[in-house]
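What follows is a set of notes on a single structure, which appears directly below.
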Amino acid sequence: MASPFEYAPAPESRAIVDIAPAYGLFIDGEFTEAAGGKVFKTVSPATEEVLSEVAHGSAEDIDRAVGAARKAFEKWSALPGAERAKYLFRIARIIQERSRELAVLETLDNGKPIRETRDTDLPLVAAHFFYYAGWADKLGHAGFGTAEGQSGAVPRPLGVAGQVIPWNFPLLMLAWKIAPALATGNTVVLKPAETTPLSALFFADICRQAGLPRGVVNIVTGDGSTGAALVSHPGIDKVAFTGSTAVGKAIARQIAGTDKRVTLELGGKGANIVFDDAPVDQAVEGIVTGIFFNQGQVCCAGSRLLVQESVHDEVLDSLKRRLSTLRVGDPLDKNTDLGAINSAEQLARITALAETGEAEGAERWSPECELPSSGYWFAPTLFTNVSQAHTIARDEIFGPVLSVLTFRTPEEAVAKANNTQYGLSAGIWTEKGSRILAVASRLRAGVVWANTFNKFDPTSPFGGYKESGYGREGGRHGLEAYLDV
Ligand code: TAP
């Protein structure tokens, strides 16, 4: 199949991005049809319009991709780090040059507001490639072995990495996985989520533009069965998975007893803790960012608000006023705060959990807002009178739904925050630095934000405790997951 990037017409309504009517798999540097010719449609969640038809990869395609990655590994891993870095720097710069196009594409395929793809996702995607490009020739100085030319063990790449990513930050999750893998000398086969395959395919085009050697990056689109075929393929040396805890557990079971290395980035139920000395206006902004950024479809969302009893009413009044100003609607409008839910399936899950919240006796509130008639939409919602036993306080909703609980003392706040099967994120709002340190040190969460929320940086490791997974991505720690140390 010829590259879809050569013949795509430019739809007038969104001229910044040319989406071709069909895309193939990206294997060994070429776009190719799936064995058997199976395809699936990807739609815009905001309008339900079909954006494109994408090849549905099977076990046979995975086998081809792993073969290409294995072949490429010999040369790629033998390149001096400084040479690998040049490709990563080139990729980072092309991402910056094409960031408007990629932001529009991601917003169309995912449903998230253009302000978020443009101002948060794309700058972070480029930053990850820049950051890991910088490490490529310094691996011997990362604390995982000795430098080349010195005596001792030089850290080595693992081989072929099988990477499976979710739909909530398609391009950013790709960057989190591909940038460190390539910097450390591994080659990859990546499987994007079924509902958001397009940005990974545009990334494949960027790899070609950057002159990346064939087979170093392979993209196989498809559904869960494609991901399962990748994870179980005997030719991969490492599995990097981001997604639900249920699938993460299944993967851990599947690869038990093999010598594959694995990192799992799974679900969360983050506590956002507001103490009575916190500046209320700032805390309210942080609560809104914590749960309504990306429509709450964020693994580290602050989905449980723990507010000190003495300021509960003041915070809730202010929060409701602020929620009444949020604009829900067209994700391509730069004034939009909340876009569409990613899929009909996800919308059904959010709806069911919100109904469970009501049925169990919590009090539901949403600002008045008109939702578009087509597409998948859910109004920003908060629940008060929530107890720790409620389903909406325990289960990850992965939507724009906030459960509000209260506490009296810091001890109670810590106990409630930690009372979850998850351990990915938490936030603390207080003016006292000593309280931030004391509380943060007792929270069982991989990332703890103080007086901010949902801030990301490529230099900072990210990952979970308990059922939020294991291994770290990002920062120096993120290198270890791709090295034989
Ligand atoms: P999942 O259903 O777990 O899907 C994640 C990815 O795994 C998708 O590409 C999916 O393919 C694929 N997959 C499904 N079944 C598989 C199997 N048996 N073997 C291998 N791969 C399989 O999660 P989701 O609904 O996409 O994402 C939401 C979840 O991801 C939430 O729980 C959220 O917390 C978590 N998440 C965590 C993080 C971090 S960093 N901890 C970040 C983002 C999201 P298809 O989509 O094609 O079915």
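Yes/no matrix, rows are residues, columns are (1) of a type in the set (Gly, Ala, Ser); (2) in contact with a helix residue (DSSP H, G or I) (Cβ under 8 Å, 6 or more places away or on another chain):
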position	(1), (2)
Lys269	no, yes
Asn272	no, yes
Phe275	no, yes
Pro279	no, no
Ser303	yes, yes
Val307	no, yes
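Can you tell me which condition Gly162 does not meet? The list is (1) farther than 18 Å from Gly475 by Cβ; (2) in a helix (DSSP H, G or I); (3) touching a residue at least 60 places away in the same chain (Cβ under 8 Å), and all the others hold. Failed condition: (2).
Modelled with pLDDT under 95 and not charged (D, E, K, R): is that true of Ala10 in this structure? Yes.
Any residue at all in segment 411-425 that's within 16 Å of the ligand (Cβ to nearest atom), crowded, with 19+ Cβ neighbours inside 10 Å and under 25 Å from Asp337 (Cα atoms)? Among the residues of segment 411-425, at least one is within 16 Å of the ligand (Cβ to nearest atom), crowded, with 19+ Cβ neighbours inside 10 Å and under 25 Å from Asp337 (Cα atoms), which makes the answer yes.
The rows are residues; the columns are (1) surrounded by fewer than 20 Cβ atoms within 10 Å (Cβ to Cβ); (2) within 17 Å of the chain's Cα centre (by Cα).
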| position | (1), (2) |
| --- | --- |
| Asn218 | no, no |
| Gly248 | no, yes |
| Gln254 | yes, no |
| Gly257 | yes, no |
| Phe293 | no, yes |
| Cys300 | no, yes |
| Val311 | yes, no |
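Screening segment 120-148 for residues that are hydroxyl-bearing (Ser, Thr, Tyr) and assigned to a helix (DSSP H, G or I) and picking the one that is nearest to Asn454 (Cα to Cα) gives Thr120.
Evaluated against (1) under 15 Å from Gly296 (Cβ atoms); (2) hydrophobic (A, V, I, L, M, F, W, C); (3) surrounded by fewer than 22 Cβ atoms within 10 Å (Cβ to Cβ), Ala344 falls short on exactly one condition, (1). In segment 378-485, counting only helices (runs of 4 or more DSSP H) that sit wholly within it, the ones holding 1 or more residues that are closer than 26 Å to Gly357 by Cα span 391-394, 410-418.
Taken over segment 431-446, the criterion of being in contact with a Phe, Trp or Tyr (Cβ under 8 Å, 6 or more places away or on another chain) and buried (at least 22 other Cβ atoms within 10 Å of the Cβ) is satisfied by Ala445, Gly446. Please note which strands (runs of 3 or more DSSP E) are completely contained in segment 195-310 and include at least 3 residues that are within 17 Å of Ser468 (Cα to Cα). By residue number, 238-242, 261-265. The residues on offer are Thr195, Thr258, Thr187, and the sole one that is of a type outside the set (A, V, I, L, M) and either within 14 Å of the ligand (Cβ to nearest atom) or touching an Asp or Glu at 6+ places or on another chain (Cβ under 9 Å) (or both) is Thr195.
For segment 263-273, filtered to residues that are under 22 Å from Glu194 (Cα atoms) and in contact with a strand residue (DSSP E or B) (Cβ under 8 Å, 6 or more places away or on another chain), the residue that is nearest to the ligand (Cβ to nearest atom) is Glu265.
Each residue in segment 45-68 was checked for being in a loop (DSSP other than H, G, I, E, B) and touching a His at 6+ places or on another chain (Cβ under 8 Å), and 0 of them qualify. Would you call Ala179 part of a helix (DSSP H, G or I) and over 30 Å from Ala344 (Cβ atoms)? So Ala179 passes the test. Among the conditions (1) crowded, with 22+ Cβ neighbours inside 10 Å; (2) touching a strand residue (DSSP E or B) at 6+ places or on another chain (Cβ under 7 Å), the only one that Asp276 does not satisfy is (1).
For (1) free of Cβ contacts under 8 Å to residues at least 24 places away in the same chain; (2) over 18 Å from Cys207 (Cα atoms); (3) in contact with a Ser or Thr (Cβ under 9 Å, 6 or more places away or on another chain); (4) part of a helix (DSSP H, G or I), each residue gets a yes or a no:
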| residue | (1), (2), (3), (4) |
| --- | --- |
| Arg70 | no, no, yes, yes |
| Trp76 | no, no, yes, yes |
| Glu83 | yes, no, no, yes |
| Phe89 | no, no, no, yes |
| Ile94 | no, no, no, yes |
| Arg100 | no, no, no, yes |
| Asp109 | no, yes, yes, yes |
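Being within 17 Å of Gly475 (Cα to Cα) and modelled with pLDDT under 95 is a condition met by at least one residue of segment 147-159. Apart from one condition, Asp119 fits all of (1) more than 16 Å from the ligand (Cβ to nearest atom); (2) touching a residue at least 40 places away in the same chain (Cβ under 8 Å); the exception is (2).
Looking across segment 158-184, the residues that are near the ligand (Cβ under 10 Å from one of its atoms), over 16 Å from Leu124 (Cβ atoms) and either buried (at least 24 other Cβ atoms within 10 Å of the Cβ) or over 20 Å from the mean Cα position of the chain (by Cα) (or both) come down to Gly162, Gln163, Val164. Of everything in segment 84-109 that is closer than 14 Å to Leu51 by Cα and hydrophobic (A, V, I, L, M, F, W, C), the residue that is surrounded by the fewest Cβ atoms within 10 Å (Cβ to Cβ) is Val104. All of Ala252, Ala240, Ala283 fail the test of being within 14 Å of the ligand (Cβ to nearest atom), farther than 29 Å from Val17 by Cβ and in contact with a strand residue (DSSP E or B) (Cβ under 9 Å, 6 or more places away or on another chain), apart from Ala252. Between Glu33, Glu48, Glu60, the distinction of being of a type outside the set (Gly, Ala, Ser), under 21 Å from Gly162 (Cβ atoms) and touching a residue at least 24 places away in the same chain (Cβ under 8 Å) belongs to Glu60 only.
The values are calculated or read from the model by the stated rules, or taken from the named source; none is laboratory data. This is a predicted model, so every value here is computed, not measured. Counting neighbours? That spans all protein chains shown, and the Cβs are built from the backbone with ideal geometry, glycine included.
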